[in-house]
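Laboratory data are not the source of any read-out in this text; all were calculated from the coordinates shown. These numbers were taken from a predicted model, which means no experiment stands behind them. Cβ placement follows ideal geometry from the backbone for every residue including glycine, while neighbour counts extend to all protein chains displayed.
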Amino acid sequence: MALINCPECGKEISDTAKVCINCGYKLQRKKSNIIFPKRKIIAVSCIVLSILICICFGIFYGNYHMISVVGKSIDEAINLLDRRNVSYSVEYDYSFEYEKDTVYEQSVAPYSINLGREVILHVSLGKQYIIPEIIGKNIKELELALPHEIVYEYTDDIEKDIVISMSGNAGEIITSEEELLITVSEGIYKMVPDVKGMTREDAINVFEENNINYNILEMFNSEEAGIVYKYAPKKYGENDVVTLYVSSGEGIKLPDYNGSFVDTTEDTIRKKFEEMGINISISYDYGDVDECRLNGETKFLQTTQNVTGIFKSVEEVGDIEVVISKASISLLRTNTDINFVGGVDTAISFKNISDKQIAYVTFQMKYYDRMGNPAECSIRDTSIVNLEYTGPIDPGEVKNNILWEAVIYNSTTAAMKPISATVEFSDGSKQVITYDGTYYYWDGYYGGDLNN
């Protein structure tokens, strides 16, 4: 408690007294001192509360209102949403306005409160365009925003630079990944003057007078040498080239021998060429052979150079190398015997008819019963057997009666068909010979065709 002076009599009194004890003056200052601080506190409290509300709302709104990411790249949009802990998914489609990988739409409107909702971002795969109607219009007067390629061609009746056709129809939509192919007239064709039957020099003069681009191809023909016997094309455009075919005379005409000597001997092949005065050399190709006869006869012929056409002379034809594709093994004969337990013994005699040494040969055989059906082995449940032989077998060498014992067990066996022979040469190369279906049979076979 403190002492104060009475404002009326000036004597000291307690600062808590309501009336001066000396003169009876009612003191008002005490009441004023109490009221004033309460108003001040209320006012300050309201201000502080308002500030706190604004801060909280700002924090809440800043964190939970949806921002706009339209027009931003998908990477930038994802970065902004991740910073605000907003969940999202992405859907892709083409857009008429936005470039590839740009957000063109979002499922939650910008500036709205977003509490726990997933935002769907629609992202552009690229622009899409509506094809305009341009057929019949001048290409130089068009402004085309869509991706396109222009090709030019001459026509019979459409003026230069007019659009003839396009790969899509007007009103259809194409994307930035596609391209509209537009065909535009290069101008109207002109007819080529008829120069057939003219001399080379006269035809050239006609073409040069008409500013026609040309080239000359000399070929053998029944026409007299130096005469134009053909020209092409029959009509031309400004940049087109017309070919004049000029005769070089008749020459020597040779047929196409490539592949024509099937099943003929080497002597016959050589004689056919020698009759024309053409020298040949013969070599062999031991690649795989199909539909081969068992004796390994020549099945195919190919030549190392083209001998088709017409030549001025035998000298121009030159020497020709003939490459014969043939089998390397010739099957000479087979013998079979069924032993007392039903095992089929097989002996084969064969010859190396190639000019290379053979290291290994494997014959694949199929066995049949008396009615021509596959004879299944009672032990291995198969009618097909591989018979292997290890060489070496020199060129021209014959192997007689090479025996394989009990290759299958089936006492009803009465026929055998070679399927193939796989030959491995000592130089590492390999040939597979597939046979033509010829088969061997022995006593007891019913005489009809094989089944399967």
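Residues whose amide H comes within less than 5 Å of that of SER420, counting only those at least five positions distant or on another chain, are GLN364, TYR435 (H built at 1.01 Å from N in the peptide plane).
Restricting the range 147-211 to GluC sites (Glu not before Pro) that sit in a DSSP loop and have at most 16 other Cβ atoms within 10 Å of their own Cβ leaves GLU159, GLU172, GLU177, GLU178, GLU179.
Its relative contact order, with pairs defined as Cα atoms under 8 Å and 6+ residues apart, puts the range 191-246 at 44 percent. For ILE158, no residue has an amide H sitting under 5 Å from its own, ignoring neighbours fewer than 5 places away on the same chain, with H placed 1.01 Å from N. Residues MET416, MET219, ranked from the fewest to the most other C-beta atoms within 10 Å, line up as MET219, MET416. Neighbours of PRO147, meaning other residues whose beta-carbon lies under 11 angstrom from its beta-carbon, give a summed charge of -3 when Lys and Arg score +1 and Asp and Glu score -1. Centre-to-centre, using Cα atoms only, the range 411-451 and the range 87-137 are separated by 70 Å.
Each residue of the range 159-175 was assigned a 3J(HN,Hα) from its phi angle through the Karplus expression (A = 6.51, B = -1.76, C = 1.60, θ = phi - 60°), giving 5, 4, 6, 8, 5, 8, 7, 8, 6, x, 9, 4, x, 6, 10, 10, 9 Hz with x at Gly and Pro.
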